[in-house]
Amino acid sequence: MAYDDQNIFAKILRGEIPAIKVYEDDRVLAFMDIMPQAEGHTLVIPKAKAITLLDLPAEDAAYTIQIVQKVARAIETALDAKGIVLMQLSGEAAGQTVPHVHFHLVPSSIHKMRQHAAEMGDVEKIKANAEKIKAAL
Ligand code: AMP
């Protein structure tokens, strides 16, 4: 399958649609999930054009996971998270809905998380969580 430049995360990376960003450098972007499965649900995406983890060059995968760890630590501090679920869906068959590889950081328990990509969150609450995470980064 070819990478679709019109996918929503490609548009966010180009600045064509807004995102509530918490971290950005030349290779990775982290922003808040708009349909959070828990308070503080954050996405970390490499800027490389890859659909799934399997398509992602190893160097990008290695770098992205370092940023995943950095953001996870900030979430732990900012939201006093007792546990964080790291989730990565590769392929529609796994439930992936956006065809640009991304890592979910969900400060919750696998047994308590809300349903995946199901309900829009409260934007003001999401922004407030983003500010706390940014401050901890
Ligand atoms: P996945 O199903 O693993 O591809 O996850 C895609 C995630 O992106 C879901 O958790 C959605 O809630 C989230 N999402 C979709 N559109 C946006 C958006 N415009 N901004 C932030 N998160 C989004």
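What follows draws every value from the coordinates through simple rules; no lab data is involved. On a predicted model such as this, the values are computed, not experimentally measured, just so you know. Note that each Cβ is placed from the backbone with ideal geometry, even for glycine, and that neighbours are counted across all protein chains shown.
Would you list, by chain and number, the lysines whose Cα falls below 26 Å from the Cα of LYS127, excluding same-chain residues fewer than 8 positions away?
List returned: LYS11, LYS21, LYS47, LYS70, LYS82, LYS112.
For the pair MET35 and SER90, how long in nm is the line joining their label points, each one 7 Å along Cα→Cβ?
The answer from the label model is 2.3 nm.
Could you quote the convex hull projected area for the chain, Cα atoms only and averaged over all directions, in nm²?
Mean projected area for the chain: 7.8 nm², to one decimal.
Once the Cα atoms of helix 58-79 and of the chain are each reduced to a long axis, what angle between those two axes, in degrees from 0 to 90 to the nearest 10, is obtained?
In the chain, helix 58-79 runs at an angle near 20 degrees to the longest axis.
Any chance you could run the full-extension gain for LYS125 through GLN66? It's 0.36 nm times the residue separation minus the Cα-Cα distance, nm to one decimal.
18.6 nm is the gain from fully extending LYS125 to GLN66.
Using the crude model of +1 on Lys and Arg Cβ and -1 on Asp and Glu Cβ, and no other charge, please compute the dipole size for the range 23-137 relative to its Cα centre, in debye to 20.
Computed about the Cα centre, the dipole is about 220 debye.
Sort 101-108, 33-40, 11-18, 82-89 for me by packing, meaning the mean count of neighbouring Cβ atoms within 10 Å per residue, highest on top.
101-108, 33-40, 82-89, 11-18
Which aspartates and glutamates does LYS132 reach when only Cα atoms under 13 Å apart count, and residues fewer than 8 places away in its own chain are ignored?
Within the straight-line limit of under 13 Å, LYS132 reaches these aspartates and glutamates: GLU39, GLU76, ASP80, GLU124.
Fully extended, how many nm does the chain gain between ASP26 and ILE8 (0.36 nm per residue separation, minus their Cα-Cα distance)?
Full-extension gain reported as 4.6 nm.
Working from the pairwise distances between different alpha carbons, so that the mean of 1/r is found and then inverted, what is the range 82-137's Kirkwood radius in Å?
The answer is 13.1 Å.
Once you place label points 7 Å from the Cα toward the Cβ at ASP55 and LEU137, how far apart are they in nm?
According to this spin-label approximation, the distance is 2.5 nm.
Taking the Cα centre of the range 1-101 as the origin and placing charges on Cβ (Lys, Arg +1; Asp, Glu -1), which of ILE34, ILE84, TYR3 is farthest toward the positive end of the dipole?
ILE84
Could you tell me the relative contact order of the chain? Use alpha-carbon pairs under 8 Å, at least six residues apart, and round to a whole percent.
32 percent
Using only the alpha-carbon atoms, how far is helix 123-136 inclined from the longest principal axis of the chain? Give it as 0 to 90 degrees, nearest 10.
The helix 123-136 is inclined about 90 degrees to the chain.
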